[in-house]
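Everything on this sheet refers to the single structure shown next.
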Amino acid sequence: MMLGQDLTFITDYKSLTFLKRCKLLSAQLTRWILYLQEYDFKIEHCRSMNNETANILSRYPVKGSTGEDFPKSSGSIETYVTTISAEFREVQKRLQNICEERLWDEWCGTIIARVNSNDCPEKIKDLYIVYNQILFRREPKSEYEWGYLVCVPANLIESIVLHFGSEKCFIFLKRFYYWPKINKGIRQTLTACNLCQKTKISHVIEGKMHHVFSEKPKDIPCLDLMEPLAVLRGGATQFLVTVNAFSKFVKLYPLRRATTKAILNKLQNDYFLNYGTPQKILSDNGTQFSSQT
């Protein structure tokens with residue numbers, strides 16, 4: 001069925017886009033290319049956050065975890081709320097205190113007061129509606145169709161944020177919920193989650209670790225900052241720590257402020273005069289050490 005057809009494969013695995021034009025450096029890759037040459041196809045890259053269909057197909061379906069199980073936000077407000085109440089008890093459970101929290105929330109309270117006032121601007125009336133003591137935001141789904149988003153008070157945001165990544169969580173929640181700066185709020189909630197920080201995979205590319213070799217006493221001093229401290233005599237709150245890489249001699253300098261100028265002052269007026277000028281200095285990538293003054 002695939003022979004003689006022009007095929008287009010869309011994937012979020014960018015390395016596959018080089019499959020037909022990369023250097024064949026392994027026998028296995030060569031066999032793959034030779035086998036695929038009888039088909040007419042091209043490979044296009046799609047970012048993972050935009051590749052929703054493939055992501056759904058490659059994951060085990062859990063009820064309530066995908067937007068396909070959730071009713072569409074369309075029709076009248078009465079129909080929408082009735083559908084949620086009948087089919088999704090979990091939504092009511094998560095937002096069971098929404099009527100109470102909206103009164104204490106600054107943003108929700110302000111919008112509700114303006115909607116109920118006699119001099120409410122037309123723009124606010126077109127965007128927001130209060131139904132069963134719950135604030136909804138109207139969102140156009142198409143030219144002839146409107147949907148409704150539940151406005152979530154700040155204290156209930158943590159209860160509805162799903163912990164499977166900020167981008168995917170944003171794509172799911174923006175279909176049913178609304179609050180100001182929703183994307184920023186999701187990122188802040190996930191960043192503050194202790195379990196997410198312990199279990200998430202780090203994509204930071206770390207450099208190769210290697211030993212520091214010093215051949216003479218004045219060769220390499222190692223610098224770092226030790227903070228924070230209680231305020232010491234003279235107003236110092238931090239220490240500049242210097243360790244000689246050859247002799248392991250340690251010298252501490254109290255600092256009021258950890259600035260580049262303060263660190264240079266200690267090194268030039270004390271350390272270099274007493275212990276000699278080094279060939280190079282080893283430090284981390286802190287701004288106090290990497291900035292140009």
message: Placing unit charges on C-beta atoms (Lys and Arg positive, Asp and Glu negative, everything else neutral), compute the dipole magnitude of the range 221-283 about its Cα centre in debye, rounded to 20.
response: 100
query: Distance in nm between label sites at His163 and Asn132, each 7 Å beyond Cα in the beta-carbon direction?
result: 2.9
query: Sorted by average packing, counted as other Cβ atoms within 10 angstrom per residue and highest first, what order do 121-127, 270-276 take?
result: 270-276, 121-127
query: How much length, in nm to one decimal, is gained on full extension between Met226 and Lys14, taken as 0.36 nm per residue of separation minus their Cα-Cα distance?
result: 72.1 nm
message: Between Asn269 and Phe213, how high is the FRET efficiency from 1/(1 + (r/R0)^6) when r is the Cβ-Cβ distance and R₀ = 25 Å? Nearest 0.05.
response: 0.30
query: Hey, can you rank 107-119, 164-176, 233-245 by average C-beta count inside 10 Å, highest first?
result: 164-176, 233-245, 107-119
task: State the answer as a single residue: which of Leu223, Thr259, Ile281 lies farthest towards the positive end of the charge dipole of the range 221-283, with beta carbon charges of +1 for Lys and Arg and -1 for Asp and Glu, about the Cα centre.
output: Thr259
field: Residues Arg47 and Lys125, FRET efficiency given R0 of 45 Å [Cβ-Cβ distance, rounded to 0.05]
entry: 0.75
- prompt: Between Ser291 and Lys184, how many nm apart are label points set 7 Å from Cα along the C-beta direction?
  reply: 2.5
query: Once amide H atoms are placed 1.01 Å from N in the peptide plane, what residues at a sequence separation of 5 or more from Leu135, or on another chain, have their amide H within under 5 Å of its amide H?
result: Cys151
field: Nitroxide proxy distance, nm - points 7 Å out along Cα→Cβ at Lys198 and Asn118
entry: 5.8
- prompt: Can you list the residues, at least 5 places off or on another chain, whose amide H is less than 5 Å from the amide H of Ile220, using H built in the peptide plane?
  reply: Ala245, Phe246
task: Arrange the following residues from fewest to most other Cβ atoms within 10 Å of their Cβ: Thr260, Thr277.
output: Thr277, Thr260
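Laboratory data are not the source of any read-out in this text; all were calculated from the coordinates shown. Owing to the predicted nature of the structure, the values given are computational and were not obtained by experimental measurement. All Cβ positions, glycine included, derive from the backbone under ideal geometry; neighbour counts span all protein chains shown.
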